[in-house]
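The values are calculated or read from the model by the stated rules, or taken from the named source; none is laboratory data. Quick caveat: nothing in here was measured; it's all calculated off a predicted structure. With ideal geometry, Cβ positions are generated from the backbone for all residues, glycine too; neighbour counts draw on all protein chains shown. Ligands, DNA and RNA are stripped out before the accessible areas are found, and what is left, the full protein with its side chains, is counted by its heavy atoms. Shrake-Rupley method; radii C 1.70, N 1.55, O 1.52, S 1.80 Å.
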Amino acid sequence: MPCRIVVGLKDGVRDARGERVKNEIRQHLGLDLDRVRTLDVYTLDAELSPAEIDAAAKGPLSDPVIQNVAVDRPLAEDFDVLIEVGFRPGVTDNIGRTAREAIQYLTGRPFAAGEAVYTSVQYLLTGAIDKAAAEQLVSGFLANGLIQRWTILTRDELDPAKGVPVCIPRVDATAEPRVQKMDLNVTDDALLQISRDGMLALNLEEMKTLQSYSNDPQVQAKRRENGLGAELTDVELEALAQTWSEHCKHKIFAAKIDYEDESGNKETIDSLFKTYIVGATRDIRQGLGKDDFCLSVFKDNAGVIRFNDDWSMVFKVETHNSPSALDPYGGALTGIVGCNRDGYGTGMGARLIFNTDVFCFASPFYDKPLPPRLLHPRRIFEGVVEGVEHGGNKSGIPTINGSIQFDERFAGKPLVYCGTASIMPATLNGQPCHEKQVQVGDHIIMTGGRIGKDGIHGATFSSEELHEGSPVTAVQIGDPITQRRMFDFLIIARDRGLYNSITDNGAGGLSSSVGEMAEDTGGLEMHLDRAPLKYPGLQPWEILISEAQERMTLAVPDESLAAFMQLAAEMGVEATDLGLFTDSGYYHCLYAGETVCYLDMEFLHEGVPQMQIPAKWELKGHQEPSLSGRDLQADLLGLLGRLNICSKESVVRRYDHEVQAATIVKPLTGVVNDGPSDAAVYRPLFDSFEGIVTAHGICPSYSDIDTYHMMACAIDEALRNYVSVGGNIEHVAGLDNFCWCDPVESERTPDGAYKAAQLVRANKALYDYCVAFGVPLISGKDSMKNDYQIGETKISIPPTVLFSVIGKIEDVRKAVTMDVKTPGDLVYLLGATADELGGSEYYRMCGELGANVPQVDAKKAFKLYQTLNRAQEQGLLRSCHDLSDGGLAVSLAEKAFAGGFGIRADLDNIVAEAGLSDEALLFSESQSRLAVTLKPENRSAFEVLFADCDSALIGVVTAETSLVLSRGDRQLIAASNDQNKEAWQAPLREL
Amino acid sequence: MSKQVRSLVIAGNGTNCEREVAEACRLAGSEVAEAVHVAELLAGRVKLEDYHFLNLAGGFLDGDDLGSAKAGANRLLHAPVAGGGASLAEQIGQFIADGKLIMGVCNGFQLMVKMGLLPAAEQNYQQQSCTLTHNDCGRFVDRWTYLQTDSASPCIYTKGLEGIYLPVRHGEGKFVVESAATLQAIEDAHLVPLRYADAGFNPTMDYPANPNGSIAAIAGVCDPTGRLFGLMPHPEAYVHYTQHPRWTREELAEEGMGLWLYQNAINYIRANLL
């Protein structure tokens, strides 16, 4: 008999959650309620005695000091409307899972199959609200209908004896397992219909390739031997669709592109990925020769480079955009814990050391009507921030670097980039730890969570634009604790040498993870009915492609299987033997002994036809605006308050950025710990002062002029942030994460050729600048369908590349932060300034785009960064801060208020192109520039060092706490630090 | 060998700080400083009696899903130890009776309070009298805090310290007492060795210097013996000057202030338990 345990706060105890919800309701909906209180509800659907229920209620499920608890009766009283929000059937309920474990400890016996604990939250609203308004409140703000259900009761409707009726969100599991066969000998239209109906996201050419495969007499003969007819099964179609999805196969980056530039010159590019990304790394590694620090690039879940003789560092950055658009919290949480699995599942396994997060949103203050199915940017902001917060904090991984970009077009699809670094011993049991090899006869072992319907079609769904029929099952909720337990177990198993290979279950689930691992041996035999399920009723194809979280797949040799399984059991981690890796040449799946999938491995992995994409670049005739009579001081304050520039402290403080006690340059720095650091420095080993430096660059606003320079600027921005704190420019690797709008010309995308040309140009710059800087690319990812299209409304994001870097600082004690340190120190500007306001934050503020997009001189920049490294090694610098959005004025303002002293500078001294306007001097976003301060006694040493670089003494740090910028005798700006800092901190302070 | 100080950090099910806590113990002079997965204790292969100093580290035990450390406390109280040995709660009871030391940081502090180990003004160690709950601001917060010490406290960890600076990183750090009498008993016995303070080390209720709204600005409490101690701030996160948020601009000693707490503990063990 199910029962409900309701837990509420005692009188006089502050309900911080309720207060927060009340405030958010006011901010989001303009609804001012008198009071919001919250209660927690546990619905126990299990055979338990009244005494056991009472012990659970008064034991693990409540806190006797501050909470009251009631069993099968309401605690709610004195309210106008009650809303109870719980999960829909099958949605991951982490709290319910923990409650179940706690009750099992109490009773000493496990729950039976089908028994469970379900959780929900009651909101007691007091004030002017009726049921209709409550319905709007819950559907528009409190809950997400994709994953949650709710009950709304007025005070009169609540049964005072029994409370809210019991609701058990159990998955109805009546479907019998059944394998369907698909006849592909149909018309082209019918083929496309099969692809659409099945969410396969395969185009006609791909469907026809499947058709001819199934008609091949040799294929048919082999199938007959294994009891299959000519028709492909649903299991096979799904396996092919996952493996061939844009998400997994990167078909656009692998395509043949016919590119035409603005002058009509034509060239054919056979795979952007191979030509520009792999090509850059190959050429750089050749140039580095014996100094090559790359260990594993492009072939594993993450890239690996050398840290020192004994350790290697691993870095991966992922995106999780589409799920975050539907369920910001679950999508972002899954994004970060999913990226953690990539970091862990590289080589033989690596310990996770830090996360990075970059988000692109529309303004949270967006006040226009929203097209259907889009969530308000503020909900996305809060959900994503909270999801990454829970994912990172609970996993014990510090979030040490990140940023938030704002552009209205990100309302169509938010971008959620999650990065994870990890560290592994250089060798493990005598072998390089970054390598792994499945052996024929190894067992296919799945560990961690169970399989459910969550995340089905995630890979194919994210290979399409967000549309009316986007599936709700694509949404998953991560479970950091199950994953943490699994990692605690796996690292012990790794060190004991209990497995030969490991990879994560991400997009495509088992179909991808096992399929990729089986490429080592050339075949597999997997029994889908052995897989542990969250609830019965899954079809074989669903088991194969479910993206249920917290799972890793391993290859465990026969001789260590028993030890592996015993360790797993002791550490409370589920591990299941699903079959064997073979050398049969076939991807062979069975269900209850019957073959349900028998695909040629080579066809599965290599059979996808290459796409052919037209790309045509054209100049859009952008013009520079003419601005005059601006109030420069007001402009500076305006810029400091721009969303792309202002303080993100309210977000940064919600992320644990110091767990593991190794964050040496933290995200916030300065005299009162609130200035914006350029990059993070992390010390991964207790017995060494060697450090890892990470930073990133992202400049989507330049894409509106030319993606070539957008890419170049993103690379330079990442590197100048990196060198600013002391990162070694000669030991740094890059990761590119492309987020594009669909670049394939079609009826729905008439401007595809232009978007494809933008993609080509970004790739050309990626090659040119990585080679020029000597920065190899070690990993990356692309997400190519960041469009929203419902009805007549189409929103495409601006082409965006996140360029992340990871590298080394020899001694973290030599790191430099951005804040000015002492009055009397000299202020130098490094690098040259040009009239480059095109796409700048300043022009955006003025409502302009402009034409003069910043351009990077990599040769000069590299020399400057090398010299900066020398100055840092010699301890010459007191502070160093890069110039980016908002240019020189913003950078100096930040340096000053972060350090708690003023700066007085004469801008006539800077190295600049002749005849620059005041606006350009102050706000130009010319690249490769840094503002540094040093003690006066180091002046000559510094000037000797920088003799061959663009460098100018422009001013001095002052005790008077204000920023005074002039040109000769003419003062341009005189603003107090307090004024500047307030403008910079105010916009997002309350979020 | 018998003269070795042996420190243990229990890990697993969501602890996050076990490595740096073990390192802090080692830096403070503990000859043995081990982070051990709780599965080893439940399997009966590792026993508390073999150690002098038990550390309960920060993290999110079981995700703090039932309230911070609630499910973790339930596990220590009820999980069976293989071979029918004493439960972990019983082993902890013996550990206390033997005069040994327990320090809980952040989630470890929450765990101790919810098991009744702290403040245990009556020294019964099984009756919860206080709790730690959601910060008044309603959010997780990572921020450095000034902490005032109490020289009259029996706490052996803060002996001789005048005021320290450590980071807090928590969402449920607000200290709450069962009743005014409980608070009075705690105060009378000087069981509050650490309070959130302003930069001048005066206790404060003002956010953000007091980051969670704790009653009487309580940041850490000890039991009447002074050997059991829990605190929300993270001493293991400041054992070297480069962990200080302003190390690039201030003159700081090589050793961080958090290390002092561990040194006091190890010195106490060397003087009294070896």
Select from region B:1-28 all residues whose loss of accessible area on going from the chain by itself to the full protein assembly reaches 30 Å² or more (probe 1.4 Å).
B:ASN13, B:ASN16, B:ARG19, B:GLU20, B:GLU23
Lysines whose Cα lies under 20 Å from that of A:LYS616, excluding same-chain neighbours fewer than 8 positions away:
A:LYS251, A:LYS256, A:LYS266, A:LYS755, A:LYS764, A:LYS785
Taking the Cα centre as origin and putting +1 on Lys and Arg beta-carbons and -1 on Asp and Glu beta-carbons, what dipole magnitude results for region A:658-795, to the nearest 20 debye?
100 debye
Suppose we compare each residue of region A:383-401 in its chain alone and in the full protein complex with a 1.4 Å probe; which ones drop by at least 30 Å² of accessible area?
A:ASN393, A:LYS394
With a 1.4 Å probe and all protein chains in place, put A:ILE491, B:ILE96 in order of accessible area, largest first.
A:ILE491, B:ILE96
Charge-dipole axis of region A:873-935 as Lys and Arg at +1 and Asp and Glu at -1 on Cβ define it, positive-most pick from A:SER917, A:LEU934, A:LEU892:
A:LEU934
Rounded if a/c under 1.5, otherwise prolate or oblate - region A:841-991, Cα gyration tensor axes:
oblate
Given a 1.4 Å probe, show me the residues in region B:49-78 buried by at least 20 Å² of accessible surface when comparing the whole protein assembly to the chain alone.
B:PHE60, B:ASP62, B:GLY63, B:ASP65, B:LEU66, B:LYS70, B:ASN74, B:ARG75, B:HIS78
If you roll a 1.4 Å probe over chain B with all protein chains in place, what percent of the accessible area is carbon or sulfur?
49 percent
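I'd like the carbon and sulfur percentage of the solvent accessible area for region A:228-368, probe radius 1.4 Å, heavy atoms only, ligands and nucleic acids excluded.
Details: 2000 of 4250 Å².
That share works out to 47 percent.
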Which lysines, on any chain, are close to A:LYS22 with Cα under 30 Å apart, when same-chain ones fewer than 8 places away are left out?
A:LYS10, A:LYS58, A:LYS131, A:LYS162, A:LYS368, A:LYS394, A:LYS413, A:LYS648, A:LYS981, B:LYS70, B:LYS114, B:LYS174
Once neighbouring chains are kept in place and the probe is 1.4 Å, which whole percent of the accessible area of region A:3-157 is contributed by carbon and sulfur?
47 percent
Residue farthest toward the positive end of the dipole of the protein assembly as shown, with Cβ of Lys/Arg at +1 and Asp/Glu at -1: which of A:CYS589, B:SER151, A:HIS605?
B:SER151
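Can you figure out the FRET efficiency of A:ARG178 with A:ARG530, using R₀ = 25 Å and their beta-carbon distance, to the nearest 0.05?
Details: r = 18 Å, r/R0 = 0.73.
The formula returns an efficiency of 0.85 here.
In debye, nearest 20, what is the charge dipole magnitude of region A:200-264 about its Cα centre with +1 on Lys and Arg Cβ and -1 on Asp and Glu Cβ, if you could check?
Working: 7 positive and 13 negative charges, 92 e Å.
About 440 debye.
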On a straight-distance basis, which lysines could pair with A:LYS935 in a cross-link, Cα separation under 22 angstrom, same-chain partners fewer than 8 positions away excluded?
A:LYS814, A:LYS821, A:LYS895
With all protein chains modelled, accessible area of A:ASP80 [1.4 Å, Å²]
60 Å²
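State in Å² the accessible area per residue of chain A; use a 1.4 Å probe, count heavy atoms of protein chains only, and round to the nearest integer. Intermediate results must be reported in sequence, preceding the final value.
Working: 33500 Å² over 991 residues.
Accessible area per residue, chain A: 34 Å².
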Leaving out ligands and nucleic acids, and using a 1.4 Å probe, what accessible area per residue does chain B come to in Å²?
32 Å²
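Using 0.36 nm times the number of residues separating A:MET1 and A:GLN437, minus their current alpha carbon distance, what extension gain do you get?
151.8 nm
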Taking R0 as 22 Å, what FRET efficiency do you get between B:GLU178 and A:ASN23 from their Cβ-Cβ distance, rounded to the nearest 0.05?
0.15
Where in region A:372-415 does the amide nitrogen come within less than 19 Å of the point 7 Å from the Cα of A:LEU627, taken along Cα to Cβ?
A:406-408
Specify which residue in the list B:ALA71, B:LEU132, B:GLY85 is farthest towards the positive end of the charge dipole of region B:6-272, using unit charges on the beta carbon of Lys, Arg (+1) and Asp, Glu (-1), about the Cα centre.
B:GLY85
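Calculate the FRET efficiency for B:THR225 and B:VAL81 from the Cβ-Cβ distance with a Förster distance of 41 Å, rounded to the nearest 0.05. Spell out each step's value before the answer.
Details: r = 26 Å, r/R0 = 0.63.
Result of the calculation: an efficiency of 0.95.
Where does chain B land at 222 nm, in deg cm²/dmol rounded to the nearest 500, when only DSSP H runs of n ≥ 4 count, each adding -39500 (n - 2.57), divided by all residues? Mind showing how you got there, number by number?
Numbers: 7 runs with 68 residues, N = 274.
Per the formula, -7000 deg cm²/dmol.
Quick check: from the Cα gyration tensor, does the protein assembly as shown come out rounded (a/c under 1.5), prolate or oblate? Spell out each step's value before the answer.
Numbers: a/c = 1.43, a/b = 1.04, b/c = 1.37.
Here the protein assembly as shown falls in the rounded category.
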Within chain A, helix-based [θ] at 222 nm, where runs of 4 or more DSSP H residues each add -39,500 (n - 2.57), nearest 500:
-9000 deg cm²/dmol
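To the nearest 20 debye, what is the magnitude of the charge dipole of region A:3-157 about its Cα centre, counting +1 on the Cβ of each Lys and Arg and -1 on the Cβ of each Asp and Glu?
Working: 18 positive and 24 negative charges, 76 e Å.
Approximately 360 debye in magnitude.
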Contact surface A-B: accessible area buried, both sides summed, square angstrom, 1.4 angstrom probe:
5300 Å²
